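Below you'll find the structure, written out as structure tokens, and then a few comments.
The values are calculated or read from the model by the stated rules, or taken from the named source; none is laboratory data. Only a predicted model underlies this, so the values are computations on that prediction, with no experimental measurement involved. As a convention, Cβ positions derive from the backbone with ideal geometry for all residues, glycine included, and neighbour counts pool all protein chains shown. Note: accessible area is taken over every heavy atom of the protein model, side chains too, but ligands, DNA and RNA are not part of it. Shrake-Rupley method; radii C 1.70, N 1.55, O 1.52, S 1.80 Å.
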Amino acid sequence: ADPLSVGAHLHTADDYIVLGERSGLVELGEGEYQLAGAGFIEDPELQYERSLNAQSSSPIHRELEEEVNLDHTQMTGPRPSALIGAVHRQPMLIYDTETVLDSQEVTQEWLEIDENDREFSELMFIPEDEMEDALEGEAEVLVSDADGVKAGRYEGSLRPHVEGALQALSGE
């Protein structure tokens, strides 16, 4: 498929999965939550092989750096782990990725991105062991914005790829 998109099932060191609320900087889906590192492979000829092998110059590395400000030294993996169906007419290659940073440290990295360049208006950290309950608003999540990290409940909507990716990676 052309273009192929990518996204990360990003695990923090304190056992959360990272989602980002799309800011007004992006064209589609403002206010919706998406996987960290979600984006398109911009140069398919060059990037497909790098993407499948998760090389440090791959699209998933580029997207995680753009959106969350993580570089390859702050993560292990990424490992291709699922291919989900059409998202805006193309499939998405999902990577299982871990960061050595906890949710607080990921937030600090993200806040280093100039506010006018942030693709996310906030980060949401979903407890990995309570993912389903958290997405139904029945378990606590952590929310990060310019004021820091605070506990809360999920209230929002997910981009089309998120549910499929989370189901695929949880084995459902």
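Values computed for the structure shown
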{"read-out": "Subset of the range 119-147 [under 22 Å from residue 66 (Cβ atoms) and either small (Gly, Ala, Ser) or open to solvent by 70 Å² or more (accessible area, probe 1.4 Å) (or both)]", "value": "121, 144, 146"}
{"read-out": "Residue satisfying all of: in the range 34-51; closer than 23 Å to residue 160 by Cβ and modelled with pLDDT under 80; most open to solvent (accessible area, probe 1.4 Å) among these", "value": "42"}
{"read-out": "Residue match in the range 87-94 (condition: open to solvent by 20 Å² or more (accessible area, probe 1.4 Å), more than 14 Å from the chain's Cα centre (by Cα) and of a type in the set (Val, Ile, Thr))", "value": "no"}
{"read-out": "Test: residue 102 is exposed (fewer than 15 other Cβ atoms within 10 Å of the Cβ), within 19 Å of residue 15 (Cβ to Cβ) and touching a residue at least 40 places away in the same chain (Cβ under 8 Å)", "value": "no"}
{"read-out": "The range 148-163, residues that are closer than 22 Å to residue 91 by Cβ and either open to solvent by less than 30 Å² (accessible area, probe 1.4 Å) or modelled with pLDDT of 80 or more (or both)", "value": "157, 158, 159, 161, 162"}
